[in-house]
1. Restricting the range 172-186 to residues that are assigned to a helix (DSSP H, G or I) and crowded, with 19+ Cβ neighbours inside 10 Å, which is nearest to the chain's Cα centre (by Cα)?
2. Go through the range 83-98 and count every residue that is in a loop (DSSP other than H, G, I, E, B) and out of contact with any strand residue (DSSP E or B) (no Cβ under 7 Å at 6 or more places or on another chain).
3. Say we look at the range 245-288 and pick out the residues that are over 26 Å from the mean Cα position of the chain (by Cα) and modelled with pLDDT of 85 or more; which of these is farthest from Tyr232 (Cα to Cα)?
4. Which of the helices (runs of 4 or more DSSP H) contained wholly in the range 214-277 include at least 1 residues that are farther than 19 Å from Pro173 by Cα?
5. If you go through the range 79-97 one residue at a time, do you hit one that is hydrophobic (A, V, I, L, M, F, W, C) and farther than 17 Å from Val45 by Cα?
6. Of everything in the range 121-168 that's small (Gly, Ala, Ser) and farther than 17 Å from Ala89 by Cβ, which residue is surrounded by the fewest Cβ atoms within 10 Å (Cβ to Cβ)?
7. State yes or no: is Thr310 closer than 19 Å to Val184 by Cα and modelled with pLDDT of 95 or more?
8. When the range 202-218 is examined, which residues are found to be of a type in the set (Val, Ile, Thr) and touching a Phe, Trp or Tyr at 6+ places or on another chain (Cβ under 9 Å)?
Amino acid sequence: MRVFITGASGFIGRALADRYRSEGHDVAGVDLVADPAHHVVAGDVAEAGAWQEHAADADLVIHTAAVVSFRLTDKAGTWRANVVGTLNALEAAERAGAKRFVHFSSITVFGYDFPDGVTERHPVQLTGIPYPDTKIAAEQVVLQAHAEGRIPCTIIRPGDVYGPRSRPWAVMPVELIRSRQVVVPDGGRGIHSPVYVDNLVDGVVLAAASDAGVGQVFTFVDPVRVTIGEFYGRYADALGMKLMTAPAGVAKAGAAAAYAVGRLRRDPDVQVHPLAAGYFLRTGTYSSAKARDVLGWEPAVGYEEGMERTLTWLRSEGLIPA
């Protein structure tokens with residue numbers, strides 16, 4: 001079949017493209033920078049344009065493109081990218097006559113205060129941070145298109161996706177720990193919710209191909225209970241450093257001070273603030289029981305193996321000592 005992916009050169013988009021190509025499918029996509037060798041055209045999904053025509057004749061459209069950030073600035077830009085961008089991708093899929101539209105959302109739509117084993121039936125919760133809040137709005141756009149019968153849709157809510165090439169959960173933690181710019185709140189006791197990239201790709205392929213996945217929302221997290229201190233601690237150990245921690249109140253106060261300094265310096269990308277600290281203080285966990293029961297999804301790569309693969313890649317890139 002023909003597969004079209006938005007954000008095709010990103011971490012998850014590229015992993016999906018590689019998988020579908022390896023299975024013999026015709027894969028094309030759009031990203032901010034063109035990659036002709038991989039049939040990726042240049043385009044900004046926030047703006048309707050010629051990139052949409054590149055989806056012509058696609059059987060499956062997977063929408064991964066988004067602004068992924070905890071910054072509080074440029075709320076309008078984040079809304080255009082994540083909400084209007086979703087509408088533009090949907091319209092491209094409709095015009096292409098695609099049989100399925102798979103939309104990437106996020107576990108952040110649950111907010112920070114939720115019970116253990118939270119399922120897709122749990123209500124979403126606004127946080128005041130543009131990224132998760134626009135992901136909630138984008139889900140509404142997708143569900144409306146599905147409810148109106150315009151195109152069959154499936155929504156994916158991935159956990160904290162890590163693995164080789166992951167910027168938020170591999171490269172950035174190493175850079176922050178090495179430069180002593182990260183202090184993990186509450187002694188690192190907050191719950192982390194990792195999903196190894198290959199496991200996520202397995203789940204997306206299953207969801208996209210399954211008739212039972214039409215009109216459904218699926219959460220994908222690996223079945224492991226890991227604290228943020230344990231996760232970041234693996235990178236700190238690899239760097240030969242001690243992970244800095246602080247009580248929750250102290251960490252939030254430090255985040256507020258760092259945010260104030262960033263604003264004074266007119267840093268448009270400052271992402272450290274008390275609201276973001278809430279993400280590292282989560283105590284609830286997410287359930288992927290629906291993905292297992294409906295799709296037969298079983299993560300093939302365990303947490304220890306996934307971390308070793310990630311560390312091996314970081315060493316090969318010179319980001320941690322060999």
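The values are calculated or read from the model by the stated rules, or taken from the named source; none is laboratory data. What you see is a predicted model, and the numbers here were worked out from it, not measured in a lab. Quick reminder, even Gly has a Cβ in these numbers, built from the backbone with ideal geometry, and neighbours come from all protein chains shown.
1. In the first step, residues of the range 172-186 are kept if they are assigned to a helix (DSSP H, G or I); the result is 172-178, 186.
Within this subset, residues satisfying the condition of being crowded, with 19+ Cβ neighbours inside 10 Å are 173-174, 177, 186.
Details: Pro173: 16, Val174: 18, Ile177: 21, Asp186: 24 Å.
Taking the candidates together, the pick is Pro173.
2. Step one: of the range 83-98, the residues in a loop (DSSP other than H, G, I, E, B) are 97-98.
Keeping just the survivors that are out of contact with any strand residue (DSSP E or B) (no Cβ under 7 Å at 6 or more places or on another chain) gives 97.
Count: 1.
3. Gly249
4. Working: elements: 228-239, 248-264, 274-277.
By residue number, 248-264.
5. Initially, the range 79-97 is screened for residues hydrophobic (A, V, I, L, M, F, W, C), giving 79, 81, 83-84, 87, 89-90, 92-93, 96.
Pick out the ones that are also farther than 17 Å from Val45 by Cα and you get none.
No.
6. Kept after step one, since they are small (Gly, Ala, Ser), are these residues of the range 121-168: 128, 137-138, 145, 147, 149, 159, 163, 166.
Imposing the further condition that a residue be farther than 17 Å from Ala89 by Cβ reduces the set to 128, 147, 149, 159, 163, 166.
Working: Gly128: 10, Ala147: 10, Gly149: 7, Gly159: 22, Gly163: 24, Ser166: 21.
It comes out as Gly149.
7. Working: closer than 19 Å to Val184 by Cα: no; modelled with pLDDT of 95 or more: yes.
For Thr310, the condition - closer than 19 Å to Val184 by Cα and modelled with pLDDT of 95 or more - is not met.
8. Taking the range 202-218 and keeping what is of a type in the set (Val, Ile, Thr), we get 204-205, 214, 217.
Answer for the range 202-218, where residues must be of a type in the set (Val, Ile, Thr) and touching a Phe, Trp or Tyr at 6+ places or on another chain (Cβ under 9 Å): Val204, Val205.
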